[in-house]
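Before any comments, here is the structure.
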Amino acid sequence: MEKSTTTQRERPVLDSSFRHIAFIMDGNGRWAKRQGKPREFGHKAGAETFRRICLYCSEVGFEAVTVYAFSTENWKRPKHEVAAIMALLDTFLDELKRDYKKYNNRIRFIGDLTVLTPSLQEKIAYVETLNSHCRTVVNVALNYGGRAEIAHACNELIREGKKPGEVTEDDISRTVWTSGCPDPDMIVRTGGDLRISNFLLWQAAYAELYFIDTLWPDLTPDDVDDCIREFYSRKRRYGGL
Ligand code: IPE
Ligand code: IPE
Ligand code: MG
């Protein structure tokens with residue numbers, strides 16, 4: 001007899017070795033193309049997946065979830081695609097303002113937000129004040145680049161008056177945009193490409209990297225469970241034996 005595919009799978013349990021998961025949400029464009037639809041359609045589906053996956057990650061008990069939503073390099077895309085992504089962000093912020101109680105997490109944006117419209121910046125500042133009691137933080141990387149972030153941290157430290165020879169690794173960790181968050185334990189990239197595309201360069205030092213072929217809009221909570229299982233199958237040595 002064929003094994004039933006509807007059997008409920010056992011949900012993996014997290015412990016304190018897995019606090020932070022990060023996603024490079026890649027593959028929206030290809031997902032749309034496969035259906036003969038414009039790329040924007042893929043971004044809309046991707047935004048829905050983002051909501052579902054974030055909800056699931058807080059349910060599972062992650063302390064931090066970081067998602068790569070828009071890179072410093074993504075401005076190179078056609079104007080209409082960038083505009084569609086910013087419009088989706090605007091819709092998401094409005095929805096969050098209305099329905100934030102639905103989400104068991106607090107949101108924080110990381111990246112250089114100064115180039116966004118004043119209206120988006122205001123909405124972001126407001127939604128960041130919501131759900132402050134929630135355990136899970138969701139970092140949304142927007143106009144984010146790992147290199148820009150390290151340059152930003154250096155500038156902060158110069159502003160603080162650090163002198164040559166005084167800057168420590170801890171100083172950089174506390175001035176990058178993810179400050180206060182543990183480093184990601186695992187970075188998952190959907191869409192099949194094997195690169196990190198300027199994501200969390202400082203924080204990724206000892207992250208487990210996991211590349212999966214699934215396109216972002218198709219990612220499900222079961223796939224997150226697979227990521228968790230994969231994490232627990234890895235042996236982290238941190239340079240030791
Ligand atoms: C990721 O999906 C979302 C953003 C970069 C904004 P893509 O838009 O890169 O989708 P593909 O990789 O072209 O399929
Ligand atoms: C990385 O995806 C950025 C985001 C997911 C936001 P890209 O699609 O921009 O990366 P490349 O161009 O394939 O490296
Ligand atoms: Mg891509």
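The values are calculated or read from the model by the stated rules, or taken from the named source; none is laboratory data. In this text the structure is predicted, and so the values were computed from the model without any measurement. Using ideal geometry, Cβ is built from the backbone for each residue, glycine included, and neighbour counts are taken over all protein chains shown. Calculation scope for accessible area: heavy atoms of the full protein, side chains included, ligands and nucleic acids excluded. Shrake-Rupley method; radii C 1.70, N 1.55, O 1.52, S 1.80 Å.
Structure data summary
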{"item": "Residue count, region 91-110 (criterion: without any contact (Cβ under 8 Å) to a residue 60 or more places away in the chain and open to solvent by less than 30 Å² (accessible area, probe 1.4 Å))", "result": "8"}
{"item": "Tally, over region 184-209, of residues that are touching a residue at least 12 places away in the same chain (Cβ under 8 Å), more than 11 Å from ligand 1 (Cβ to nearest atom) and open to solvent by 40 Å² or more (accessible area, probe 1.4 Å)", "result": "7"}
{"item": "Conditions (1) surrounded by fewer than 17 Cβ atoms within 10 Å (Cβ to Cβ); (2) away from ligand 2 (no atom under 14 Å from the Cβ); (3) closer than 25 Å to Trp177 by Cα; (4) in contact (Cβ under 8 Å) with a residue 24 or more places away in the chain: number failed by Glu73", "result": "(2)"}
{"item": "Hey, Pro217 at pLDDT 95 or above, within 18 Å of the chain's Cα centre (by Cα) and part of a loop (DSSP other than H, G, I, E, B) or not", "result": "no"}
{"item": "Count of residues meeting criterion [open to solvent by less than 50 Å² (accessible area, probe 1.4 Å), on the phi < 0 side of the Ramachandran plot and more than 13 Å from ligand 2 (Cβ to nearest atom)] in region 48-62", "result": "8"}
{"item": "Members of region 21-39 that are surrounded by fewer than 18 Cβ atoms within 10 Å (Cβ to Cβ) and more than 10 Å from ligand 2 (Cβ to nearest atom)", "result": "Lys33, Arg34, Gln35, Gly36, Lys37, Pro38"}
{"item": "Test: residue in region 169-178 that is over 20 Å from the mean Cα position of the chain (by Cα), loosely packed, with under 15 Cβ neighbours inside 10 Å and at pLDDT 95 or above", "result": "yes"}
{"item": "Residues being touching an Asp or Glu at 6+ places or on another chain (Cβ under 9 Å) and under 19 Å from Pro182 (Cα atoms) - total across region 153-171", "result": "2"}
{"item": "Restricting region 125-168 to residues that are on the phi > 0 side of the Ramachandran plot and among the polar types (S, T, N, Q), the residue that is surrounded by the most Cβ atoms within 10 Å (Cβ to Cβ)", "result": "Asn131"}
{"item": "Selection status of Tyr56, part of a helix (DSSP H, G or I) and not acidic (Asp, Glu)", "result": "yes"}
{"item": "Conditions (1) away from ligand 1 (no atom under 16 Å from the Cβ); (2) open to solvent by less than 70 Å² (accessible area, probe 1.4 Å); (3) within 17 Å of Thr49 (Cβ to Cβ); (4) not β-branched (Val, Ile, Thr); number of the one not met by Asp222", "result": "(2)"}
{"item": "Residue in region 53-109 that is farthest from the chain's Cα centre (by Cα), counting only those that are more than 15 Å from ligand 1 (Cβ to nearest atom) and among the basic types (Lys, Arg)", "result": "Arg98"}
{"item": "Qualifying positions in region 59-102 - basic (Lys, Arg), more than 20 Å from Ala125 (Cβ to Cβ) and part of a helix (DSSP H, G or I)", "result": "Lys76, Lys79, Lys102"}
{"item": "Lone unmet requirement of (1) out of contact with any helix residue (DSSP H, G or I) (no Cβ under 6 Å at 6 or more places or on another chain); (2) more than 16 Å from ligand 3 (Cβ to nearest atom); (3) modelled with pLDDT of 95 or more for Glu10", "result": "(3)"}
{"item": "Residue match in region 196-209 (condition: at pLDDT 95 or above, within 21 Å of Ala47 (Cβ to Cβ), within 16 Å of ligand 2 (Cβ to nearest atom) and of a type in the set (Gly, Ala, Ser))", "result": "yes"}
{"item": "Residue check, Leu241 among the hydrophobic types (A, V, I, L, M, F, W, C), without any contact (Cβ under 8 Å) to a residue 60 or more places away in the chain and open to solvent by 30 Å² or more (accessible area, probe 1.4 Å)", "result": "yes"}
